[in-house]
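Accompanying notes for the structure given below.
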Amino acid sequence: MNMGELKKLSHRAGEIEESQTMAFTARAIELRNDGVDVVILTAGEPDFPTADHIKAAAKEALDQDFTRYTAVQGIPEIVRAVSEKFRTVNGLPYTEQQVMVTTGAKQGIANALLAICEHGDEVLIPYPSWVSYPTLVKLAGGTPVPVRSGLAKHFRPDLVGFRSAVTRRTKAILLNSPNNPTGVVYTETELRAIAALASEFNLYIVCDEIYEEMIFDRRTHVSIGTLPGAEGRTVTVNGFSKTYAMTGWRIGYMGGPEEIIQASTRIQGQVTSSVNSISQRAAVTALRAPQERVRVMREEFERRRDLVWEILGPVKELDLVKPEGAMFYFIGVSKLYGRQGSVGRLTNSRDVVEYLLDSQHVVLVPGSAFGDDECVRMSFACSVDTLREGLHRIRNGIAGLR
Ligand code: PLP
């Protein structure tokens, strides 16, 4: 047999692009390993360690040999805690049969889409959008349909755009508030309008609320599943990664109509089985213990958001919209297009990122990764010193353009 020519890989494998967030971060780390002082402002995770009381719960689980498979839905304690959290914090009346834990919010979104999408079903996604949503829709056999907003609209969801994007094939709307990459927090009025539209056209709603605790200026987070028209058709996805600085623990949760949760349990049961047993015990403690650390982290993120505003706000070549939540600025850079830098003429968001990496050793993510080539994404999930240095380099980089 000729082993030189293996059969072609799947169409699906070809459709999955490399994450641009990962690509630029990897290059930055390579440079750093070569001894270059690089400032990396690409992180999508808190720079805080997981709290000691959460780590203690994990250590206890290990010491008690709590190291076996668990029920796919989750251990009874986490199922109860998640159902209570949805009810008391979000006002979402999901019963214990309507919730489950997942290997991160990401798997929750994948579960929901795999349960909902039939081949060719369309899923409306507000753009700019987090990188994984369109890919997850495609993996589920669906067709992502961007509903674009942009800098000119301050990235607010385009409600008219949603209505005109609905077709016979539309099955669901996939939302994210607070939003990555824009920092927009949807208002109750916006969410009510989307809920009404979903009800009018009988669409499912999948809402990713992973940044719910990273919300500034005393705004309140509203879960769309509580609003008229959205009840009974909304899957709410959340997780521990951001709120409790637990990205590496790989645990998230979801709630929704019982049929979707049962289907998701079957899907997850075949793909990954139960969630890490130790993380589940740690997560129970995260939800049940006092939430002081969450407040401290939110306040710190708000201070950093304000620092960026102070330093980059006056730069006339940049367009900034002050983030209402999450941990990113999505900065308009199109005024730089046409200018000349060390890597040649800048014509798109990728060129801007290349230029800043090359000339200043500061790394951002091109907006094209999120479907908006006018902008670049800058994370403020890093120490104030790193952030100051990064902002200084960005300003220097702009001043150095011809
Ligand atoms: N949803 C959004 C909008 C995110 O930005 C991220 C992480 O960057 C995730 C989900 C992934 O969360 P998890 O670590 O719980 O899978």
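See the values below:
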| read-out | value |
| --- | --- |
| Of all residues in region 76-89 being over 11 Å from G255 (Cα atoms) and surrounded by 20 or more Cβ atoms within 10 Å (Cβ to Cβ), the one that is farthest from the ligand (Cβ to nearest atom) | A81 |
| Residue in region 234-251 that is over 19 Å from the mean Cα position of the chain (by Cα) and of a type outside the set (S, T, N, Q) present | no |
| Scan of region 208-235 for residues that are buried (at least 17 other Cβ atoms within 10 Å of the Cβ), under 21 Å from I116 (Cβ atoms) and not hydrophobic (A, V, I, L, M, F, W, C), ordered by number | D208, E209, S223, G225, T226, G229, R233, T234 |
| Residues (out of contact with any Phe, Trp or Tyr (no Cβ under 8 Å at 6 or more places or on another chain) and more than 17 Å from V237 (Cα to Cα)) located in region 267-283 | G269, Q270, V271, T272 |
| Residues (among the hydrophobic types (A, V, I, L, M, F, W, C) and in contact with a helix residue (DSSP H, G or I) (Cβ under 9 Å, 6 or more places away or on another chain)) located in region 146-183 | V147, L151, L159, F162, V166, A172, I173, L174, L175 |
| Any hit, region 47-62, residues being within 16 Å of the ligand (Cβ to nearest atom) and within 30 Å of K138 (Cβ to Cβ) | no |
| Test for V275: is it assigned by TED's automatic domain parsing to the domain that holds E45 and either aliphatic (A, V, I, L, M) or surrounded by 18 or more Cβ atoms within 10 Å (Cβ to Cβ) (or both) | no |
| Residue in region 132-149 that is open to solvent by 30 Å² or more (accessible area, probe 1.4 Å), more than 25 Å from A13 (Cα to Cα), among the hydroxyl-bearing types (S, T, Y) and away from the ligand (no atom under 16 Å from the Cβ) present | no |
| Condition met for L287 (within 16 Å of the ligand (Cβ to nearest atom) and either within 22 Å of the chain's Cα centre (by Cα) or open to solvent by 10 Å² or more (accessible area, probe 1.4 Å) (or both)) | yes |
| Helices (runs of 4 or more DSSP H) within region 1-116 that include 3 or more residues under 30 Å from V362 (Cβ atoms) and not hydrophobic (A, V, I, L, M, F, W, C) | 20-33 |
| Residue, most open to solvent (accessible area, probe 1.4 Å), within region 96-131, restricted to residues that are more than 16 Å from the ligand (Cβ to nearest atom) and among the small types (G, A, S) | A115 |
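The values are calculated or read from the model by the stated rules, or taken from the named source; none is laboratory data. Remember, it's a predicted structure, so these values are computed and weren't measured experimentally. Glycine gets a Cβ as well: all are built from the backbone with ideal geometry, and neighbour counts include every protein chain shown. To get the accessible areas, we keep the full protein, side chains included, count just its heavy atoms, and leave off ligands, DNA and RNA. Shrake-Rupley method; radii C 1.70, N 1.55, O 1.52, S 1.80 Å.
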